[in-house]
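Encoded as structure tokens, the structure appears first; notes follow it.
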Amino acid sequence: MALINFINAAILAGTPLLLATLGEILTEKSGQLNLGVEGMMYMGAIASLAAAWYSEQYLAPGAIAAVIATVFAFLAGALGALIYAFLTITLRANQNVTGLTLSIFGTGFAKFFGEILSKKAGGYITCAEPTKAAFAKLDLGGLSELPVLGKLIFSYNFLVYLAFSAALLLALFFRKTRVGLKLRAVGEDPAAADASAIAVIRYKYLATVIGGGLCGLGGMYMSMVNQKGIWVPECVSGYGWLAVALVIFATWSPLRAIYCAIIFGALTILSLYLQIPGLDLQLYGMLPYLVTIFVLIFTSIKQKREFMMPKSCGVNYFREER
């Protein structure tokens, strides 16, 4: 039973990483290397909390506020990605520098508006209990009471199921649809794709913006689920950078991203389930980042073409040079 509880907790802890990783995979498949995941997650975190709080004031707390929060979290992440896309695709700014700038901008954006909202709410901002309940475990009736399977499969909030569904849909999208294959062609060789009458710029914009929206949902998970609907300025706390590393760990595969996110989720909550006498808790906190270093070393050694990033990723496309 202890193992089942641990797996359950690992899935919950890994869900925001999965959402952000899927968003970055979609972005990089189009040839855009967006390092601003942390910033987009922060934008989604504050946008969702603000949308939920205002919805409670003018509409009603509960499911409606949760739906509005989800929409605004996606839009906030998409807005951050749209800024990045305009700078890198239209104005052809350096992708690495722009991504890092977006990360700083998004973090400052969230903390600035978080402070304003906290003052307006009377000191700190928090959602009402009905709204918090909408982000808690879904009531699936007798399914949740099933032995073993009930705990492993039917005891999560809606964002967990959304994240897993998104991973499956993205995998099918890349492999089985014509649009997905065209997107992969854009990421591998945009000049050849352009010569084949594929709208390279449109594909890059759409993939980047939708990917940013998924990152925003990951940020919403941090504020509405992990922090129970209470604004905490450091709520994302490096998860965006872990997601960037997880893209490499998952070798740009949405399906592999599922178990990679669960593994890293397990590392983040390991100290709660396995305590070694004399081992400082801060060392447990370092585990995800230490594993990230080893993963990057391992993947750089294992240079198989199927496990490498899209060829044009990080390189701006100049149609005039085609």
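Worth a mention:
- Most mobile listed residue (Val71, Val179, Val209) in the chain, GNM with C-alpha springs under 10 Å: Val179
- Note, ³J(HN,Hα) from phi for the stretch 260-265, Karplus 6.51, -1.76, 1.60, rounded to Hz, x at Gly and Pro: 5, 5, 5, 4, 5, x
- With the cut-off at under 19 Å, measuring from each backbone N in the stretch 236-271 to a point 7 Å along the Cα-to-Cβ line of Leu172 picks out 253-259.
- Residues whose amide H lies under 5 Å from that of Leu35, counting only those 5 or more places away or on a different chain, are Gly99, Leu100; hydrogens are built 1.01 Å from N in the peptide plane.
- Residues whose placed amide H lies under 5 Å from that of Gly62, excluding near-sequence neighbours: Thr131
- Measuring nothing but how far apart in sequence close Cα pairs (under 8 Å, 6+ apart) lie, relative to its length, the chain scores a relative contact order of 37 percent.
- Virtual spin-label span in nm between Ala133 and Gln227, 7 Å along Cα→Cβ: 2.4
- Percent accessible area from carbon and sulfur atoms, the chain, protein chains only, probe 1.4 Å: 69
- Of Leu162, Leu17, Leu146, the one that fluctuates the most in a GNM where the chain has Cα springs shorter than 10 Å: Leu146
- Rounded to the nearest whole Hz, the Karplus-based 3J(HN,Hα) values (6.51 cos²θ - 1.76 cosθ + 1.60, θ = phi - 60°) of the stretch 34-40 follow the sequence 9, 8, x, 4, 4, x, 5, with x at glycine and proline.
- Cα centroid separation - the stretch 1-22 against the stretch 102-159, whole Å: 15
- Among 37-49, 115-127, the order from most to least packed when residues are scored by Cβ within 10 Å on average: 37-49, 115-127
- Three-way shape call for the stretch 16-99 based on the alpha-carbon gyration tensor, with the a/c threshold at 1.5: prolate
- Rounded to the nearest 500, the helix-only mean residue ellipticity at 222 nm of the chain stands at -22500 deg cm²/dmol, with each DSSP H run of n ≥ 4 adding -39,500 (n - 2.57).
- When only alpha carbons of the stretch 170-296 are considered, Rg and Dmax amount to 18.5, 63 Å.
- Relative packing of 194-202, 261-269, 76-84, which averages over residues the other C-beta atoms within 10 Å, highest first: 76-84, 261-269, 194-202
- Tally of Lys pairs whose C-alpha atoms are under 14 Å apart, taken over the chain, 8 or more apart or cross-chain: 8
- Using the average count of surrounding beta-carbon atoms within 10 Å as a protection proxy, the listed peptides 170-176, 148-154, 253-259 rank, highest first, as 253-259, 170-176, 148-154.
- In this structure the chain gives 47 Å² per residue of accessible area when probed at 1.4 Å with all protein chains present.
The values are calculated or read from the model by the stated rules, or taken from the named source; none is laboratory data. All values derive from a computational prediction rather than experimental measurement. All Cβ positions, glycine included, derive from the backbone under ideal geometry; neighbour counts span all protein chains shown. Accessible surface is based on the protein model in full, side chains and every heavy atom, while ligands, DNA and RNA are left aside. Shrake-Rupley method; radii C 1.70, N 1.55, O 1.52, S 1.80 Å.
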